[in-house]
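Input: a single structure, listed below in C-alpha cells.
Here, each number is a calculation from the coordinates, and none is a lab measurement. Values in this document were obtained by computation on a predicted structure and should not be read as measured data. A quick note on method: Cβ atoms are made from the backbone with ideal geometry, for glycine too, and the neighbour counts reach across all protein chains shown.
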Amino acid sequence: MDERIDEIIKYLQNVGKLQVELSELERLAKEKDLTEDSFEVLREGLLELKFEIILEPKNNEEDIKLFQNYSNRSNMSNVGMFMNDISNQTRSSNFNRNDIDEKVQIRKVQEGEKARNQLSNEYGYSSTDINLMLDQIESGKSNAKNLKEEVGDEAFQLLSTMLEADESQELLFMKNALLIVHIASDFHSRNNKLPLDDLIQIGWEAMKNSILNFNFEKETKLSTYAYDSIYRTMLRRSQDQGRVISLPVYYQ
C-alpha cells in the first residue's frame, strides 16, 4: 500500500473514531497529493476497516452557493432546469429531509421498477405505451377509470405502483441533491475533463442506479452506498468524453 495512504489510515485510527467526514478525508488526501486512483484505494481501505465515511455535506456554503447558482440560472441547460425543480421543492415548507425514511422510499422505487418490467414482459407494453398510460392516470379520474376498464385491475395496479415509485424517487433525489453537487464539484476540481454540468448529470444517473440496486442487507445509508457508484461512474465517463450523457427519463 502507498505509504501516504497508510499514514492517513493510521492518523484516523489514532484519533479513535470510526467515522470520518468526506470533506476531512478529501482534505487529508489533498495534503498527501493523492491521485484519483489512490483516493479510491484509501476509501476502500477505510471501509474494510469498518470506518463510516459521512458523505452528507453539512452547512457547506460553497456547495449551497453552487447549487443555487445552477438552480437560478436564466439560461438553463437540462441540468439547470432539473436542479431548479429540485431546489423549488426543497424550499417548500412541507419538505424536511430528516422526515424521509430512505429505506421505505427505496423499496417503493424498486417495486416500481419491477412493475415496469412486469408490464413490459408479461403484458407486452412498450416504454412509450407505459408512459402514455401513466400520463393518462395523472390527467384525471375519468381518464384513469377508462384506462382501468381497458387494461384490467392487475395492470392498472402495476401502473399505480409505478406512480408511487416516481414520487419516492423524487423524494430521494431531493434529499441527496446537495450531496451529488458536492461530489461533482469536488471531482471537477481535481479532474476537469468533463464540464461540471455533465458531472452533475452523471451523479443523478448513478444515484438512480444505486437506488435500484440498493442492498438492504448492508446496514448503511443510501449516500454511503451510492458514493462508490457515483465516483466510479464519473471517473469512467471522464475517460470517455465523447459519450452522450442524459438525464433519467423521468426528468426529461
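Results, tabulated for the structure shown:
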quantity: Charge context of Val104, other residues only, Cβ under 13 angstrom, K/R +1, D/E -1; calculated: -2
quantity: Ser126 versus Val41: modelled label distance in nm, points set 7 Å from Cα along the beta carbon direction; calculated: 5.0
quantity: Sum of side-chain charges, Gln136 neighbourhood, beta-carbon under 15 Å (Lys, Arg +1; Asp, Glu -1); calculated: -3
quantity: In order through the range 226-235: 3J(HN,Hα) via Karplus (6.51 cos²θ - 1.76 cosθ + 1.60), integer Hz, x for Gly, Pro; calculated: 7, 3, 4, 5, 4, 5, 5, 5, 4, 5
quantity: For the range 125-252, fraction of C-alpha pairs farther apart than 17 Å, in %; calculated: 64
quantity: Counted charge near Asp166, where neighbours are those whose Cβ lies closer than 10 Å (Asp, Glu -1; Lys, Arg +1); calculated: -3
quantity: Separation in nanometres of the label points that stand 7 Å from Cα toward Cβ, at Lys50 and Asp228; calculated: 1.8
quantity: Over the range 192-243, equivalent-ellipsoid semi-axes from the Cα gyration tensor in Å; calculated: 24, 9, 9
quantity: Aspartates and glutamates whose Cα lies under 13 Å from that of Lys221, excluding same-chain neighbours fewer than 8 positions away; calculated: Glu52, Glu56, Asp101, Glu102
quantity: Options Leu172, Leu134, Leu147, ranked by Cα towards positive dipole end of the range 130-252, top entry (Cβ charges); calculated: Leu172
quantity: Cut-off under 5 Å, modelled amide H: who pairs with Glu21 long-range; calculated: Ile54
quantity: Förster radius 51 Å - calculated FRET efficiency between Lys148 and Asn213, Cβ distance, rounded to 0.05; calculated: 0.95
